[in-house]
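The values are calculated or read from the model by the stated rules, or taken from the named source; none is laboratory data. This structure is a prediction, so every number in the text was calculated from the model and none was measured. Glycine also receives a Cβ, built like all others from the backbone with ideal geometry; neighbour counts cover every protein chain displayed.
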Amino acid sequence: MNGGDGAASSSAATSGPPPPSLEWRFSQVFGERTAGEEVHEVDIISAIEFDKSGDHLATGDRGGRVVLFERTDTKDHGGSRRDAEEMDYSVRHPEFRYKTEFQSHEPEFDYLKSLEIEEKINKIRWCQPANGALFLLSTNDKTIKYWKVQEKKIKKISEMNIDPSNDPGSSSSLPIIANGVHADKPQDYLSKDYPFPPGGIPSLRLPLVTSLETSLVARCRRVYAHAHDYHINSISNSSDGETFISADDLRVNLWNLEVSNQSFNIVDVKPTNMEDLTEVITSAEFHPIHCNMLAYSSSKGSIRLIDMRQSALCDSHTKLFEEPEAPGSRSFFTEIIASISDIKFSKNGRYILSRDYMTLKLWDINMDSGPVASYQVHEHLRPRLCDLYENDSIFDKFECCLSGDGSRVATGSYSNLFRVFGASQGSTEAATLEASKNPMRRQIQPPARSSRSMTSGVRRGSESPGSDANGNAHDFTTKLLHMAWHPTENSIACAAANSLYMYYA
Amino acid sequence: MAMVDEPLYPIALLIDELKNDDIQLRLNSIRRLSTIARALGEERTRKELIPFLSENSDDDDEVLLAMAEELGVFIPFVGGIEHAHVLLPPLESLCTVEETSVREKAVDSLCKIGSQMKESDLVDSFVPLVKRLAAGEWFAARVSACGLFHVAYQGCTDVLKTELRSSYGQLCQDDMPMVRRAAASNLGKFATTVESTFLNAEIMTMFDGLTKDEQDSVRLLAVEGCAALGKLLEPQECVARILPVIVNFSQDKSWRVRYMVANQLYELCEAVGPDCTKTDLVPAYVRLLRDNEAEVRIAAAGKVTKFCQLLNPELAIQHILPCVKELSSDSSQHVRSALASVIMGMAPILGKDSTIEHLLPIFLSLLKDEFPDVRLNIISKLDQVNQVIGIDLLSQSLLPAIVELAEDRHWRVRLAIIEYVPLLASQLGIGFFDDKLGALCMQWMQDKVYSIREAAANNLKRLAEEFGSEWAMQHIVPQVLDMVNNPHYLHRMMALRAISLMAPVMGSEITCSKFLPVVVEASKDRVPNIKFNVAKLLQSLIPIVDQSVVDKTIRQCLVDLSEDPDVDVRYFANQALRSIDAAAVAQS
């Protein structure tokens, strides 16, 4: 652990020596900004998600677009012997290429409530692929959509019975009627019991279809609308493969993927009198293995685990995870910075990672007395909370992610920085990287990762407040909110405004 | 490009439109697939049309759904049963699409075709198809496969049968929960075709596995399998193998599984037989009636009468009745409502004395429930109790309940109670009705909501039918006639509506003497809406009254109306006049 505070620190991965710290390298960037280029609001990335296999990556932006990337390094010579040999000497890491993009949401206007509905994509979740097609859910503030992305053959019809060029009205049977002559006769041919000759009519032929090329087509399969009075902050698929949840500020709804016209409300925290409202739902996620369990976080810094087996309306939680407030530390900002902006289950479902304004916390779902580890992310900003409140930065919602093996956690920060911490027992790994082509440029002393004894006031190794290692003041306008960890490899995708940066280690 | 003879144009067009860009035209062509097939002839249908359709599986879902349906009845068009196998490839590819409704339709069609195929063809083409699907790379194919085993299995060789069973066993343990769900819901069907030796061994092992699945959604489908399998097994086996599973399910951690048990319990009881029902399932049912989750109690409460039918009255009184008492004051209104909708049916089962002793207090408390649906449900089934204990014991509580519902602020509740008034009237008898309910019926005629007034007018007609015209003359007609002078034109209109409904019931004499003068008077109303309704009403009276009356009174009145300044009044008056003429022509 980190120095001599001697506190017991349990942690995520199995015991044994902690894995060595990772050396992060730049891999790729999509949509890099040239110097002085202006960022269009609509191009700013607002959601990132790897699919389960890690072969695909999706990003959503404020303009309502979803962009898909596919992995290229495994696909080309997957499984071949050469591939295996190559593995031995070359440093192989996931590489992606642009696959396709589509307009998922459009700006809308709710006439009943006189509200504009932004097209911004809040969340993307991948669903089970089928028949070589990809499926994903995307949501803005109000409407969830189910997309199918598939290679479709472009068809050319080369032979027909009726030459379309000779006959202007070929798409309907009107011309015959118009000619008047056959107005009655055709009916006979189409009637159920017209006696065709037993061998059929030889002059009739089926259209001949030739297909030369294929193209990727995204089709919206279902639209799940009108179920949320407040803004949707999360969607999450269940491991049962047929349901998903959507959460807004006050409610969590359960949907069947195949039924878009009804959903079941499973959590409702709306008080009868809205003046009594003290806490809102900030994020929700299904357990990755148990389809009956889900967790949601609140603006008061608590995480509730609910078991849908217990009752139809899960207003009472099964487990509550929250950290007791340190005595005497209460201030005007306490509640604001306690608000959890994102939660993620580890792949095995044992741990929950949560991000609040100042810290990342790792919780063991079998231990509700406190987090098994917390990592300081923004401790250096504590003296500046007033400024952050003034310019609303204090309400920024940073996402967090876990590596596929659960041994590391990562989250974003300001000045396009992100941080990676080792979560294994005894690990002191803590890296600060910049979303640029040279991620290690701002590498600094490992900042404190402290255990629960933190609250006793012993703080070690915090960074110098107010500025980073290079002495630059923090730039609160460039914030790295969205990031995702590849499910099987040490590879991170993160969004800096309109650019998508990929790193590997 | 070929030009076809002009007479063939429509059919040629139909064929071309199989590939039109407009989905509606494609859909239209697919729906007429049999016509196309007949035009092409059997051989070309087999050799060209069917392969053509097999290539078509990336079309829109609606088109694929229609195609899956058409192909199910396509055997005559490909040349009969011996050529049925050519239909399998297009349906096989439809079995793999991701849209559930298309897959289900394709499976249906395959089952239809497979059940008609000759055994040798089944082995040659159908069984390999099932095996291919069951080993499919994508889950959609494997899900479809589950629904085909019961067709493939019959008429197979023993070797193939063994293979199919083991293949099904694998599907029951598939990685994808969707596949396991499909396997669970089709297990009962498959089991009916499997020989009893394998039933006890292999099928039951698969079933056991599914009942212990980690996913709720799989376990709850296994519940349905309990009843189906139970009916196939020997009674002894059933008690040994199925009963413990049912009892376990009734205490499952997941409320959805318990809900399924509550819903299925009646069928499960039939499967295990009366003895085990008494000893094992009664305690299970009692637990479900006292479940923590309201949804489970709703399902259980709704089955209380059906379940009691399986028991003798003593057991019902001893075990079920205490729970019913608790449920009648359940915290969830939906539980009480579900109970109220069936509890009256318990009266015939328990008999007169027990009903008075045990059920009556429950009826009475439900009649006073704060939730209108509960009260309505009790009232709607009043006849069942009346047969057992008579209405007198209930009538004291009934009246306040009815009056309260009659004045409920939700018009749908008022509407519901009006629907039951004729039933109540017949059960309560004329005397009781006159005293207590007559006034209510007239009050509804002036309700603020049109649907209520409309229902009230209809109700008067039904009462007149129930109690006869003499009674109606005394108790209804005077009030209705009085309403014609109401200052509110909507109420006057309602009186006319009631007259038009009651006239056929009351007969010609009363219509002429009582109704007609009032109607004629109303034709001089100042509101045009009243006037054209008079015209419509007069038209409806024509067949009821004598021709002389028509000529003397009605025609004159209509002629006056036909000169009205209002265009609508003139229109309806002229229409009525024309129908008089038409009737006259018909008679002469």
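Computed values, structure above
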| quantity | calculated |
| --- | --- |
| B:Leu327 being farther than 17 Å from B:Val413 by Cα and surrounded by 21 or more Cβ atoms within 10 Å (Cβ to Cβ) | yes |
| Residue in the range B:500-511 that is crowded, with 17+ Cβ neighbours inside 10 Å and in contact with a Pro (Cβ under 9 Å, 6 or more places away or on another chain) present | yes |
| Answer residue from the range B:197-231, given it is surrounded by fewer than 22 Cβ atoms within 10 Å (Cβ to Cβ), among the charged types (D, E, K, R) and within 15 Å of B:Pro244 (Cβ to Cβ) and is nearest to the other protein chains (Cβ to nearest Cβ) among those | B:Lys212 |
| Single residue of B:Glu17, B:Glu48, B:Glu98 found to be within 12 Å of chain A (Cβ to nearest Cβ), in a loop (DSSP other than H, G, I, E, B) and of a type outside the set (Phe, Trp, Tyr) | B:Glu98 |
| Restricting the range B:229-274 to residues that are part of a loop (DSSP other than H, G, I, E, B) and more than 31 Å from the chain's Cα centre (by Cα), the residue that is farthest from B:Leu311 (Cα to Cα) | B:Lys253 |
| Residues of the range A:421-433 classified as out of contact with any Phe, Trp or Tyr (no Cβ under 7 Å at 6 or more places or on another chain) and under 13 Å from A:Arg25 (Cβ atoms), total | 0 |
| Residue tally, condition within 14 Å of another protein chain (Cβ to nearest Cβ), in a strand (DSSP E or B) and hydroxyl-bearing (Ser, Thr, Tyr), over the range A:199-224 | 4 |
| Search result, residues across the range B:464-499 that are polar (S, T, N, Q), surrounded by 14 or more Cβ atoms within 10 Å (Cβ to Cβ) and assigned to a helix (DSSP H, G or I) | B:Ser469, B:Gln479 |
| Residue within the range A:250-264 that is within 14 Å of chain B (Cβ to nearest Cβ) and over 18 Å from A:His228 (Cα atoms) present | yes |
| The range B:200-221, residues that are modelled with pLDDT under 90, closer than 18 Å to B:Leu171 by Cα and touching a helix residue (DSSP H, G or I) at 6+ places or on another chain (Cβ under 8 Å) | B:Gln215, B:Asp216, B:Ser217, B:Leu220 |
| Condition check for A:Ser302: touching a residue at least 40 places away in the same chain (Cβ under 8 Å) and within 26 Å of A:Leu388 (Cα to Cα) | no |
| Unmet criterion (only one of (1) out of contact with any helix residue (DSSP H, G or I) (no Cβ under 6 Å at 6 or more places or on another chain); (2) at pLDDT 75 or above; (3) part of a loop (DSSP other than H, G, I, E, B)) for A:Asn166 | (2) |
| Single unsatisfied condition, A:Pro94 versus (1) more than 12 Å from chain B (Cβ to nearest Cβ); (2) within 20 Å of A:Trp485 (Cβ to Cβ); (3) modelled with pLDDT of 90 or more | (3) |
| Of residues in the range A:279-307 being in contact with a Phe, Trp or Tyr (Cβ under 8 Å, 6 or more places away or on another chain) and within 14 Å of chain B (Cβ to nearest Cβ), the one farthest from B:Ala299 (Cα to Cα) | A:Pro288 |
| The range A:308-347 - residue that is charged (D, E, K, R) and over 16 Å from A:Ala247 (Cα atoms) and, of those, nearest to the other protein chains (Cβ to nearest Cβ) | A:Arg309 |
| Test: residue in the range A:225-238 that is within 14 Å of chain B (Cβ to nearest Cβ), surrounded by 16 or more Cβ atoms within 10 Å (Cβ to Cβ) and in a loop (DSSP other than H, G, I, E, B) | yes |
| Complete set of residues in the range B:172-196 that are among the aliphatic types (A, V, I, L, M), outside any helix (DSSP H, G or I) and either away from chain A (no Cβ under 14 Å) or out of contact with any Phe, Trp or Tyr (no Cβ under 7 Å at 6 or more places or on another chain) (or both) | B:Val194 |
| Of residues in the range B:382-398 being over 13 Å from B:Leu367 (Cβ atoms) and without any contact (Cβ under 8 Å) to a residue 24 or more places away in the chain, the one surrounded by the most Cβ atoms within 10 Å (Cβ to Cβ) | B:Gly390 |
| Matching entry among B:Val342, B:Val282, B:Val272, B:Val304 (being more than 14 Å from every other protein chain (Cβ to nearest Cβ) and at pLDDT below 90) | B:Val272 |
| Residue in the range B:104-123 that is within 14 Å of chain A (Cβ to nearest Cβ), part of a helix (DSSP H, G or I) and within 30 Å of the chain's Cα centre (by Cα) present | yes |
| Filter result (over 24 Å from A:Glu285 (Cα atoms), at the interface with chain B (Cβ under 10 Å from one of its Cβ atoms) and not charged (D, E, K, R)) within the range A:117-159 | A:Asn131, A:Gly132, A:Ala133, A:Gln150, A:Ile157, A:Ser158 |
| Residues within the range B:510-548 that are hydrophobic (A, V, I, L, M, F, W, C) and assigned to a loop (DSSP other than H, G, I, E, B), tallied | 4 |
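Residues are listed down the side, and each one gets a yes or a no for (1) more than 9 Å from chain A (Cβ to nearest Cβ); (2) surrounded by 21 or more Cβ atoms within 10 Å (Cβ to Cβ); (3) charged (D, E, K, R); (4) not in a loop (DSSP other than H, G, I, E, B):
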site	(1), (2), (3), (4)
B:Ala12	no, yes, no, yes
B:Arg38	no, yes, yes, yes
B:Glu43	no, no, yes, yes
B:Leu64	yes, yes, no, yes
B:Glu69	yes, no, yes, yes
